[in-house]
Amino acid sequence: MREIIERRSKLLVDNQTAMCKGFIFEHSLTNAVAAAAFVEKDKAVDVELIKESKKLLSEKKGIFSEFRSYNEIIISTKMALSGNPERYLDEISDVYDKFNKGKIFGSSYKVLAAMSIVDQGKYSEADRIIEKTNEILVGMKKVHPFITSDEDTCFVVLLAMTDKSVEDILTELEKSYQIIKKDFAFHDDAAYSLTQVLTAYEGSVEEKCERALNLYNAFKDAGAKYGKDYELASLGALIDIDVDKEELVSEIIEVADYLKGKKGFGMFDMGRETRLMFGTMLVSQSYLAGEYKANAASIGGEIGRIVALQTAILITMMLVITASAAAASTSH
């Protein structure tokens with residue numbers, strides 16, 4: 001394991017241990033994402049600052065707000081990392097209100113999309129990005145009404161922050177989807193999410209899809225099948241890293257195996273597919289940082305640097321929301 005990957009793996013474990021102690025009633029996946037957000041900044045988690053931010057959040061948002069429940073720890077963590085928690089909360093609240101204007105019901109996914117805009121330092125461009133996001137979603141729904149949903153907002157907002165036109169994005173999305181879906185029968189939603197991440201990158205559609213599929217098959221060949229559900233989209237974080245796919249996959253598997261025996265990452269906390277997702281996030285970030293930065297090409301500014309963490313956050317929230325809904329349905 002490369003030194004930078006080993007160091008960040010240990011930091012992730014230490015941060016997760018601190019989060020599990022500080023927030024014992026939180027879902028282990030949510031704690032893991034909070035831990036990873038600090039790793040992305042190469043920092044030890046500050047539990048007390050997260051608690052202070054969480055208190056501020058509860059003072060400003062009611063218990064039934066979409067900023068609470070599933071999103072609360074994630075938002076509090078991002079507030080803590082922002083350097084100005086109150087301003088960060090005000091900005092994502094403002095962007096969310098614009099996203100949800102005219103809607104009767106709230107949306108946890110639109111909260112996360114608002115965070116993406118603010119995290120990219122594009123708060124002043126929010127109106128344009130939201131308009132573009134909505135145009136893309138309308139186009140997607142026309143072609144795929146049954147697999148386009150509110151949760152797609154999380155990925156589509158990343159596309160809306162690129163320089164690509166709405167027409168080019170929709171064309172590339174469909175072309176990529178027709179290629180990708182052939183290998184993921186009965187997993188249309190996950191295949192579509194992966195194509196959304198792939199479309200955030202520059203380059204040939206065919207080459208990006210081939211790279212993603214080759215990576216998926218490399219995991220299978222190594223005896224560690226990658227998840228075909230929400231986790232599948234995280235493969236997109238790897239396609240722009242100029243490293244031999246077998247070597248890249250080996251490093252991710254090594255990280256996932258290392259995490260398995262650690263607090264908050266065990267078999268009762270998450271499955272192997274999810275640990276592989278966290279391994280993907282950590283390894284891809286390691287290549288995009290420090291001495292290995294030269295090994296990764298640009299996706300167009302800051303979007304490329306944080307796509308792994310953003311994808312992990314979005315996927316984790318989808319998993320938590322789905323698990324919570326399933327638990328609620330079985331209790332009736």
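In table form, for the structure just shown:
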quantity	calculated
Only listed residue being within 16 Å of the chain's Cα centre (by Cα) and part of a loop (DSSP other than H, G, I, E, B), chosen from G227, G236	G227
Matching residues, region 151-172, being of a type in the set (V, I, T) and under 23 Å from M318 (Cα atoms)	T153, V156, V157
Inter-residue pairs, beta-carbon under 8 Å, first of a type outside the set (G, A, S) and in region 220-236, second surrounded by fewer than 17 Cβ atoms within 10 Å (Cβ to Cβ), 6+ apart	Y226/K220; Y230/T322
Helices (runs of 4 or more DSSP H) enclosed by region 31-108 - at least 2 residues per element that are over 21 Å from D127 (Cα atoms) and hydroxyl-bearing (S, T, Y)	47-60, 72-82
Qualifying residue in region 116-130 (condition: of a type outside the set (D, E, K, R) and touching a Ser or Thr at 6+ places or on another chain (Cβ under 8 Å))	no
The one condition in (1) over 20 Å from S9 (Cα atoms); (2) touching a strand residue (DSSP E or B) at 6+ places or on another chain (Cβ under 9 Å); (3) buried (at least 19 other Cβ atoms within 10 Å of the Cβ) that S284 fails to fulfil	(1)
Filter result for K164 (part of a loop (DSSP other than H, G, I, E, B) and in contact (Cβ under 8 Å) with a residue 24 or more places away in the chain)	yes
Residues within region 83-110 that are modelled with pLDDT under 95 and hydroxyl-bearing (S, T, Y), tallied	3
Within region 30-57, tally of residues that are at pLDDT below 95 and among the hydroxyl-bearing types (S, T, Y)	1
All positions within region 18-30 that are outside any helix (DSSP H, G or I) and surrounded by fewer than 18 Cβ atoms within 10 Å (Cβ to Cβ)	I24, F25, E26
When residues of region 249-270 are limited to those that are aliphatic (A, V, I, L, M) and surrounded by 21 or more Cβ atoms within 10 Å (Cβ to Cβ), the one farthest from I5 (Cα to Cα)	M270
Residue in region 246-263 that is of a type in the set (K, R), part of a loop (DSSP other than H, G, I, E, B) and in contact (Cβ under 8 Å) with a residue 12 or more places away in the chain present	yes
Residue ID - farthest from K175 (Cα to Cα), chosen from residues in region 134-148 that are in contact with a Leu (Cβ under 8 Å, 6 or more places away or on another chain) and either exposed (fewer than 15 other Cβ atoms within 10 Å of the Cβ) or not hydrophobic (A, V, I, L, M, F, W, C) (or both)	T148
Scan of region 3-17 for residues that are surrounded by 21 or more Cβ atoms within 10 Å (Cβ to Cβ) and either out of contact with any Ser or Thr (no Cβ under 8 Å at 6 or more places or on another chain) or closer than 15 Å to G261 by Cα (or both), ordered by number	S9, L12, N15, Q16
Selected residue [touching a residue at least 24 places away in the same chain (Cβ under 8 Å), in contact with a Leu (Cβ under 8 Å, 6 or more places away or on another chain) and more than 30 Å from E246 (Cβ to Cβ)] from K60, K21, K78	K60
Residues satisfying the stated conditions in region 144-161, i.e. free of Cβ contacts under 8 Å to residues at least 60 places away in the same chain, under 21 Å from the mean Cα position of the chain (by Cα) and more than 12 Å from A200 (Cβ to Cβ)	I147, T148, S149, D150, D152, T153
Pick from region 149-202, criterion closer than 20 Å to S107 by Cα and of a type in the set (V, I, T), ranking: surrounded by the fewest Cβ atoms within 10 Å (Cβ to Cβ)	T153
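The values are calculated or read from the model by the stated rules, or taken from the named source; none is laboratory data. Note that the structure is predicted; figures quoted are calculated from it, not measured. Every residue, glycine as well, gets a Cβ built from its backbone with ideal geometry; the counts of neighbours run over all protein chains shown.
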